[in-house]
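J.: I'd like to ask you about the structure that follows.
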Amino acid sequence: MINGSAQSRRRFPKTWTIPTLAKPDPTKDKSTEYLLKNQVVLNWYPKIQTMKSRGVVGGDMEGAPNQTHLTIKHIAFLDIDRMYFELERFKAERGWYNLNVTREGIQPLLTDQSWYQLLIPAEELAIDSFEKVRMWQEIALSLLKKYTEHYYIFRKREWELPHLEYQELSEDDPNFLGTNDDPGDGHYRILIERSQEEIVARLEELRASIIDAPSGHGNFKA
């Protein structure tokens with residue numbers, strides 16, 4: 001068995017040129033083809049279903065999900081400044097200080113439809129009411145947050161891959177479950193509060209069924 005020794009880091013190293021959030025452009029950076037093949041998907045149907053359950057009028061939930069995109073007309077109604085500050089807050093909460101986000105890059109990113117799929121009833125994007133603008137703002141921000149995370153991980157892995165070192169694991173490697181247990185102990189341990197009596201009882205039943213099963217040979221500790 002092999003193991004990559006590079007540790008997952010929340011931030012890029014100081015030697016890394018800080019990337020700037022941008023739309024995929026394989027003509028300038030071939031590696032961004034990955035972002036086109038692995039698009040962000042935002043399914044707004046569950047959100048509409050929740051609104052319907054609260055008595056709010058929403059789109060038709062029957063039939064195959066409608067796949068679409070925000071258009072330039074939708075984006076014209078959006079508050080770009082607000083989205084920029086929300087993205088900066090989102091980035092700071094995750095400690096992604098080594099990723100640039102610019103206000104000027106948000107609109108071009110939203111007008112590019114190559115990096116995402118939006119699943120939502122067509123009528124929800126019909127430009128027939130200003131009341132929908134708040135929803136479009138929420139959709140756009142959700143897409144941007146998803147893409148920011150997707151883009152950060154993509155760039156982080158791009159730096160890490162050349163620095164990975166592979167080595168064989170010994171039988172006592174701590175990566176294996178149960179390595180630090182006493183001899184005879186099992187390989188699965190679940191820690192929960194004793195006050196969760198129902199969960200404890202169910203886990204004990206599961207443990208007993210595993211031990212009693214013909215193929216069962218491991219211990220299970222709750």
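J.: Past 31 Å, Cα to Cα, is the threshold; run LYS132/LYS156; LYS73/LYS156; LYS52/LYS145; LYS23/LYS52 against it and keep the listed order.
T.: In this structure, LYS132/LYS156; LYS73/LYS156; LYS23/LYS52 exceed 31 Å between Cα atoms.
J.: How large are Rg and Dmax for segment 91-156 when only the alpha carbon atoms are used, in Å?
T.: 13.9, 42
The numbers here are math on the coordinates, done by the rules we state, and not lab data. Predicted model, so just to flag it, every value in this text is computed and none were measured.
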